[in-house]
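> Dropping the structure in here first, questions after.
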Amino acid sequence: MIRKRIIRIAGLALLLWLGAFALDCFAVSCLHRSPVFCVQHQEETHFSGLGYSFDAYAHPISGAYEYVIYVFGCELTSTMTNAV
């Protein structure tokens, strides 16, 4: 009985995390806006969530919205034109 309750709570927590991550990814990649469930750092272009983060800004020359998505510190995807 307790094992089932723990599994359900862990599954619900994972589902909530995936929902927040998916919403933030959609906001950054499709809507070109800052993420909803992230904290903005002092340098205005870095946002951190629970286990994931974004570097997002409008390119100073072209004006195109560019971003990098990190999950647990590993780069997931990038649209930066000057990425190494």
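The values are calculated or read from the model by the stated rules, or taken from the named source; none is laboratory data. Just so it is clear, the model here is predicted, and its values are computed rather than measured. As a convention, Cβ positions derive from the backbone with ideal geometry for all residues, glycine included, and neighbour counts pool all protein chains shown. Calculation scope for accessible area: heavy atoms of the full protein, side chains included, ligands and nucleic acids excluded. Shrake-Rupley method; radii C 1.70, N 1.55, O 1.52, S 1.80 Å.
> Divide by every residue of the chain the summed helix terms, -39500 (n - 2.57) for each DSSP H run of at least 4, and state the resulting mean residue ellipticity at 222 nm, rounded to the nearest 500 deg cm²/dmol.
On the way: 1 runs with 28 residues, N = 84.
Mean residue ellipticity, 222 nm, calculated: -12000 deg cm²/dmol.
> Oh, and also: Determine the per residue accessible area of the chain with all protein chains present and a 1.4 angstrom probe, expressed in square angstrom. Working shown, then result.
Values: 6230 Å² over 84 residues.
That works out to 74 Å² per residue.
> What is the diffusion coefficient of segment 36-84 in µm²/s, taking the Kirkwood radius over Cα pairs and the Stokes-Einstein relation at 10 °C with a viscosity of 1.306 mPa s? Working shown, then result.
Working: Rh = 11.3 Å.
In µm²/s, the coefficient rounds to 141.
> To continue, here is another question. Report relative contact order for the chain in percent, whole number only (criteria: Cα-Cα under 8 Å, sequence separation at least 6). Mind showing how you got there, number by number?
Numbers: 102 pairs, mean separation 12.9, N = 84.
Relative contact order for the chain comes out at 15 percent.
> Further, regarding this structure: Points 7 angstrom from Cα along the Cβ direction at SER29 and ILE6: gap in nanometres?
Between SER29 and ILE6, the label points sit 3.4 nm apart.
> Out of (i) 7.7; (ii) 8.5; (iii) 6.5, which label holds the value of mean projected area of the Cα convex hull in nm² that was computed here?
The value computed from this structure is option (iii).
> Calculate the length of the line joining the C-alpha centroid of segment 1-56 to that of segment 57-76, in whole Å.
16 Å
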